[in-house]
């Protein structure tokens, strides 16, 4: 019998759910239900990214502690399972589910053992809305192409993941459809990004910038996980005791990603940050841990 593991992206909880969240969840549920109808054993998982810096900012603006704020906001997302009649097998909160920290630590250690993590000083343009750093060519007239705001200059020493090491293998896997991206327009976008050159990227932030609301880097409590935190949520079957889904298989067979926001006047071109994480960074980190 075939096993299938279906996930969604994990939303920040700095605002209430909207139609895009519902669309993505329903798309993932359709994939899971269709697979079950074919007789496959399916695990459908979603959750929330409680530990994001933008949640901390939203809590401060609301005059509440981060824990109090996310505990109040997260149910708005988990309740969608009943409202939309979703067939979820698991809903993982990054701040509340102990299995998540176990998964994050395991991924970090595996990447470190393969030499894919290194620490260096960094000065970059950071967009709080995207929770991502931008290179100057990626900005449009000096502003974030997604949010239309001037990024904040951040100077700190971070841990980086060697994404550049995996450019050739990613191009081959996606180009030959061993990793299948649909629609084809999104596949072409990702391949174009890879051909343009993949840069190593930061996978941690200074713990002070997280205001104490983060998941510490294993062996380096002065830094908190950022991107690995999101990958850990989606790749935690071993921590869940579900090794039949994980061992000798890809970490995720299907992942639904909601469409990007409508075009805005300041946007240079369609761009989907989560698509880039899912198809480049996340997949590379899974290969780094020894998974296919």
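Rule-based calculations on the coordinates, nothing more; no lab input. These numbers were taken from a predicted model, which means no experiment stands behind them. Quick reminder, even Gly has a Cβ in these numbers, built from the backbone with ideal geometry, and neighbours come from all protein chains shown.
For the pair residue 113 and residue 41, a Förster radius of 30 Å applied to the C-beta separation gives a FRET efficiency near 0.45, rounded to the nearest 0.05. For the range 110-235, the equivalent ellipsoid derived from the Cα gyration tensor has semi-axes of 26, 21, 13 Å, listed largest first.
For the range 104-234, the relative contact order is 25 percent, taking Cα pairs closer than 8 Å that sit 6 or more residues apart in sequence and dividing their mean separation by the residue count.
Of the peptides 7-16, 181-190, the order by per-residue mean of other Cβ atoms within 10 Å, starting with the highest, comes out as 7-16, 181-190. Its residue count N sets the reference 2.2 N^0.38 Å, and the alpha-carbon radius of gyration of the range 60-132 equals 1.54 times that reference.
Taking every alpha-carbon pair under 8 Å whose residues sit at least 6 apart, the range 120-163 reaches a relative contact order of 48 percent.
Beta bridges assigned by DSSP with both partners in the range 25-150 are antiparallel in approximately 50 percent of cases. Computed from the Cβ-Cβ distance with R0 of 30 Å, the FRET efficiency linking residue 23 to residue 140 stands at 0.70. Over 22 Å, how big is the tail of the calculated P(r) for the range 1-113, in percent of all Cα pairs? So the pairs more than 22 Å apart make up 42 percent of the total in the range 1-113.
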